[in-house]
Amino acid sequence: MQIRKATGFANSNIAFIKYWGNRDHALRLPVNDSLSMNLDGLHTRTTVAFDPSLTADVVALGGQIQSPESSKRVSDHLDRVRALAGLKTFARVESENNFPTGAGIASSASGFAALTVAAGAAAGLALSERELSILARQGSGSASRSIPSGFVEWKTGSNPDGRDSFAFSVAAPDHWALADCIAIVSSAHKEVGSTGGHALARTSPLQQARIEDAPRRLNLCREALLARDFEKFAEAVEEDSTMMHAIMMTSRPPLYYWLPPTLAVMDAARKWRANGLPACFTIDAGPNVHVLTLAAHASDVASRLRALPGVQNVLVAAPGGGASLINE
Ligand code: PMV
């Protein structure tokens, strides 16, 4: 058999309504539905080559060959693709993020989405968008949302095997000219990543209330998004982010991701909004703050963020497209 190779591309995404906690850890089936926006310009490009001469998978991230321990999650994902394709061949994986590594931007969403698209095609599978989303989800939950284009909703589903837990587009990237201004306040590697965090979520006595209220928040957010109502959107987004962080801080053991500049950015965004500038914050499993605004105000928001003490850098992203294959 000859070498079979393909290259995939996927943008990262930011959740407006967050995924935190699994109903099935192995399958990465979430406890609640989530809603996100793909981030144009913050992407991963991954080439997968199934090569019969290899005796193990070889994974390079940003040109650096990874140890077998740090390649395990990628190898496990390749195993899922090999099982679907009836393939036994090992693969060489070369993956590059175009955003600075260590900038505190989660790369698992774009990374596993790009890997899924590339590995599926290299293995000769013709997968639909839904099948790609289901497969990407098993590598990293949020990766399911980087497969469809634009503004995306991911359903938890009810089937124990996860066949109805996939993401789909609710609006195209050009539906609303939002901008995500990402204030980098730390590029340190986090001690507890999202996989560990999802497992702790159920230890918070607040998690059940968060899950029960999630459909209300998601409906509010989706309606505001579809109606392009920034004020309503801002309230739903900030409430949902803070609720997820309340779970994190009340888990056993607790997870504190915020640093002093995180709070300074949150405070600034709320004050700007109270003074008429469309801006709101949302924070993932780390200290950096995503300040969402309208494209027309993005450069103003970015320069105000840069002027805040503790903000090291600001990246700006518009709504992005879905994952795709790259013809070489
Ligand atoms: O896909 P994971 O396991 O990296 O989880 C992502 C979790 C959050 O980024 C905190 C929230 C979300 O919905 O993206």
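The values are calculated or read from the model by the stated rules, or taken from the named source; none is laboratory data. Everything numeric here is computed off the predicted structure, so don't read it as measured data. Note: ideal-geometry Cβ built from the backbone for every residue, glycine included; neighbour counts use all protein chains shown. The area values use the complete protein model at the heavy-atom level, side chains included, leaving out ligands, DNA and RNA. Shrake-Rupley method; radii C 1.70, N 1.55, O 1.52, S 1.80 Å.
Given H placed 1.01 Å from N in the peptide plane, which residues other than close sequence neighbours of residue 185 have an amide H under 5 Å from its amide H?
Under 5 Å from the amide H of residue 185: 288, 289, 312.
In whole Å and largest first, what semi-axes does the C-alpha gyration tensor of region 4-174 yield when each eigenvalue is scaled by 5 and square-rooted?
25, 18, 14
Under the definition of Cα pairs under 8 Å and six or more residues apart, what whole-number percent is the relative contact order of the chain?
That works out to 24 percent.
To check you understand DSSP bridge types, tell me what percent of the beta bridges within the chain (both residues inside) are antiparallel, rounded to 5.
Close to 95 percent.
Can you order the peptides 40-51, 227-238, 156-167 by their average number of other Cβ atoms within 10 Å per residue, highest first?
Per-residue Cβ counts within 10 Å, averaged per peptide and sorted highest first, yield 40-51, 227-238, 156-167.
Hey, got the dipole for region 178-319? About the Cα centre, +1 on K and R Cβ, -1 on D and E Cβ, debye to the nearest 20?
140
Once the Cα atoms of helix 108-122 and of the chain are each reduced to a long axis, what angle between those two axes, in degrees from 0 to 90 to the nearest 10, is obtained?
Once rounded, the angle reads 30 degrees.
Would you kindly find the accessible area of residue 223, with a 1.4 Å probe and non-protein molecules such as ligands, DNA and RNA excluded, rounding to the nearest 10 Å²?
In the full protein context, residue 223 sits at about 120 Å².
Given the protein chains as shown and a 1.4 Å probe, how many square angstrom of residue 190 are accessible, to the nearest 10?
Around 80 Å² of this residue is reachable by solvent.
Please list, or write none, the lysines whose alpha carbon is within less than 23 Å of the alpha carbon of residue 18, excluding same-chain residues fewer than 8 places away.
155, 190, 232
Rounded to the nearest 500 deg cm²/dmol, what is the calculated helix-only ellipticity per residue at 222 nm for the chain, with -39500 (n - 2.57) per DSSP H run of length n ≥ 4?
Estimated from H runs of four or more residues: -11500 deg cm²/dmol.
What angle, in degrees between 0 and 90 and rounded to the nearest 10, separates the Cα long axis of helix 68-85 from the longest principal axis of the Cα atoms of the chain?
The helix 68-85 is inclined about 70 degrees to the chain.
So, with a 1.4 angstrom probe, what is the percent of accessible area on region 134-280 that is carbon and sulfur?
57
Of all accessible surface on region 1-69 at a 1.4 Å probe, what whole percent is carbon and sulfur?
Heavy-atom surface of region 1-69 belonging to carbon and sulfur, 1.4 Å probe: 51 percent.
Under the classification rounded if a/c is under 1.5, otherwise prolate if a/b is larger than b/c and oblate if not, where does region 108-213 fall, given a ≥ b ≥ c as square roots of the Cα gyration tensor eigenvalues?
Rounded shape, in that the Cα axes give a/c under 1.5.
Would you kindly find the accessible area of residue 258, with a 1.4 Å probe and non-protein molecules such as ligands, DNA and RNA excluded, rounding to the nearest 10 Å²?
It works out to around 70 Å².
Using Cα atoms only, what is the angle between the long axis of helix 207-227 and the major principal axis of the chain, expressed in degrees (0 to 90) to the nearest 10?
So the inclination is approximately 80 degrees.
Pull out a ≥ b ≥ c, the square roots of the eigenvalues of the alpha-carbon gyration tensor of region 224-328, then state rounded if a/c is under 1.5, prolate if not and a/b is larger than b/c, and oblate in the remaining case.
Because its axes are fairly even, with a/c under 1.5, region 224-328 counts as rounded.
In terms of solvent-accessible area of protein heavy atoms at a 1.4 angstrom probe, what is the ranking of 127, 263, highest value first?
The ranking, largest first, comes out as 263, 127.
Counting each pair of different Cα atoms once, what's the Kirkwood radius of the chain in Å, rounded to one decimal?
19.9
Going 7 Å from the Cα of residue 88 in the Cα-to-Cβ direction, what parts of region 105-148 have a backbone nitrogen less than 11 Å from that spot?
none
What's the magnitude of the charge dipole for the chain around its Cα centre, counting Lys and Arg as +1 and Asp and Glu as -1 at the beta-carbon? Answer in Debye, nearest 20.
360
Stretched out fully, how many nm does the piece from residue 228 to residue 24 gain, at 0.36 nm a residue minus the Cα gap?
Separation in residues times 0.36 nm, less the Cα-Cα distance, equals 70.0 nm.
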